[in-house]
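What follows is one structure encoded as structure tokens, with my remarks underneath.
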Amino acid sequence: MNNNSIHIEQVSKSYGQVQALDNISLDVLPGELFGLIGPDGAGKTTLFRILTTLLIADKGTATVCGHDVVRDYKQIRLLAGYMPGRFSLYQDLSVEENLTFFATVFNTSIKENYDLIRDIYVQIEPFKDRRAGALSGGMKQKLALCCALIHKPSVLFLDEPTTGVDPVSRKEFWDMLDRLKEQGITILVSTPYMDEANRCDRIALMKGGQCLSIDTPQGIRDSMGIHPWSIRSTSMFHLLLDLREYPGTQSCYAFGDAHHLLLKEGAEKTHLLDYLHKKGYADIEMELIEPTIEDCFMQFG
């Protein structure tokens, strides 16, 4: 018997000619905060819907807390909490009415499980009589998390919970997840934000319905095996084009206020600088840096 909180083996799903998931296999350990990291269209939401029994895979098997997602869907719906990417609560009901409704559905009450949501609910309690549809993005997010937790789930599924939310609310949300993990809840979260990967115990980089790599954030960075160069100039657009034309370039892409450059084996910095000086650049800033999760994603992808 598999003792992992989530076990996925060779799961595939297609929509017509579109292959949403292609032989996905991964395990999430009990009490782990596991992240699915990838852009839109990577297959994250499809995988969430399969694990939360809302969708049936074309092939492969998956279990949540030892329960099969097809055969044991009723048990899974009782022990899992699910926060979909799109705000799906009742917008005409107040904050308190939404929370009371979801507690009642699971035959419990706000009072019975208040300890689990206290740290989150105190932030939205001043607005408990406000309609959910009138809340800000960050407040909607907190209410949705409270509703997903009110029945004290063993596993929490969060599908892109911070998309469209301001940076302060994003940080607050991840701080909440750290506290929930301390209470023994297994958390599977998806995000398109590469920087959020560092808040997870382990991550899976996903693209085109496939897992490119599964490891700790540091393990994935270490596996890259090469350090990128951060390079700047006053003419960043033309610099990007010239770097991509340089014969020693493996890859180059814009990254914030700099370009991240990977050189082919044997290519040297001095030769590159000579090339750029001949192109008319006199203000090149270039330094070797530690790879980020996004650098790894670009290389693996």
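Per-residue ellipticity at 222 nm for the chain, helices alone: DSSP H runs ≥ 4 residues times -39500 (n - 2.57), over residue total, nearest 500 deg cm²/dmol? Display every interim value, and only then the final one.
Details: 10 runs with 101 residues, N = 301.
After summing the helix terms and dividing by residue count, I get -10000 deg cm²/dmol.
Between helix 269-278 and the chain, what is the angle of the helix's C-alpha long axis to the longest principal axis, kept within 0 to 90° and rounded to the nearest 10?
Roughly 70 degrees between the two axes.
Using r as the Cβ-Cβ distance of Asp58 and Phe87, and R0 as 30 Å, what FRET efficiency do you calculate, to the nearest 0.05?
Numbers: r = 29 Å, r/R0 = 0.97.
Using R0 = 30 Å, I get an efficiency of 0.55.
With both partners inside the chain, how many of the DSSP beta bridges are antiparallel, as a percent to the nearest 5?
Values: 33 of 51 bridges.
Once the DSSP bridges in the chain are tallied, antiparallel ones form about 65 percent.
Kindly put His271, His260 in sequence by how many other C-beta atoms sit within 10 Å of each C-beta, fewest to most. Before the final figure, lay out each step's value.
Working: His271 14, His260 20.
The order, fewest Cβ neighbours first, is His271, His260.
For region 93-152 and region 1-78, write down the distance between their C-alpha centroids in whole Å.
27 Å
Most fluctuating residue of Gly208, Gly31, Gly266 in a GNM of the chain with Cα springs under 10 Å: which is it?
Gly266
Take the Cβ-Cβ distance between Glu265 and Asp72 as r, set R0 to 51 Å, and report the resulting FRET efficiency rounded to the nearest 0.05. Intermediate results must be reported in sequence, preceding the final value.
Working: r = 51 Å, r/R0 = 0.99.
In this case the efficiency is close to 0.50.
Which residue, Tyr275, Tyr82, Tyr193, has the most motion in a Gaussian network model of the chain that connects Cα atoms within less than 10 Å?
Of Tyr275, Tyr82, Tyr193, the Gaussian network model singles out Tyr275 as fluctuating most.
Pick out which of Ser235, Ser25, Ser109 has the largest mean-square fluctuation in a Gaussian network model of the chain, springs linking Cα atoms closer than 10 Å.
Ser235
The list (1) 73, 45, 37; (2) 80, 59, 35; (3) 79, 42, 38 gives values of Cα extents along the principal axes in Å, and only one came from this structure; which label was calculated from it?
Given (1) 73, 45, 37; (2) 80, 59, 35; (3) 79, 42, 38, the structure-derived one carries the label (1).
Exposure proxy check: Glu245, Glu196, Glu97 ranked by fewest other beta carbons within 10 Å? All intermediate terms of the calculation are to be shown ahead of the outcome.
Values: Glu245 11, Glu196 23, Glu97 16.
Sorted ascending by nearby Cβ count, the order is Glu245, Glu97, Glu196.
When we measure straight from the Cα of Lys264, which lysines land under 27 angstrom away, once same-chain ones fewer than 8 places off are left out?
Partners found: Lys207, Lys278, Lys279.
With a 10 Å Cβ neighbour count serving as the proxy for reagent exposure, in which order, fewest first, do Ile37, Ile117 appear?
Working: Ile37 28, Ile117 23.
Final ranking by Cβ density, sparse to dense: Ile117, Ile37.
Provide the FRET efficiency to the nearest 0.05 for the Asp22-Arg244 pair, computing r from the beta carbons and using R0 = 30 Å. Don't skip to the end; give the middle numbers.
On the way: r = 29 Å, r/R0 = 0.98.
Computed FRET efficiency for Asp22 and Arg244 comes out at 0.55.
Among the lysines, which have Cα under 22 Å from the Cα of Lys152 when same-chain residues fewer than 8 positions away are ignored?
Within reach: Lys74, Lys111, Lys128, Lys140, Lys142, Lys181.
How much length would be gained if the chain were fully extended between Lys152 and Arg232, taking 0.36 nm per residue of separation minus their Cα-Cα distance, in nm to one decimal?
Details: separation 80, 0.36 × 80 = 28.80 nm, distance 5.00 nm.
Gain in length upon complete extension: 23.8 nm.
Every number here is computed from the coordinates shown, using simple stated rules; none is lab data. Quick caveat, the model's predicted, so the values are computed rather than measured. Cβ coordinates were reconstructed from backbone atoms using ideal geometry, including for glycine residues, and neighbour counts include every protein chain displayed.
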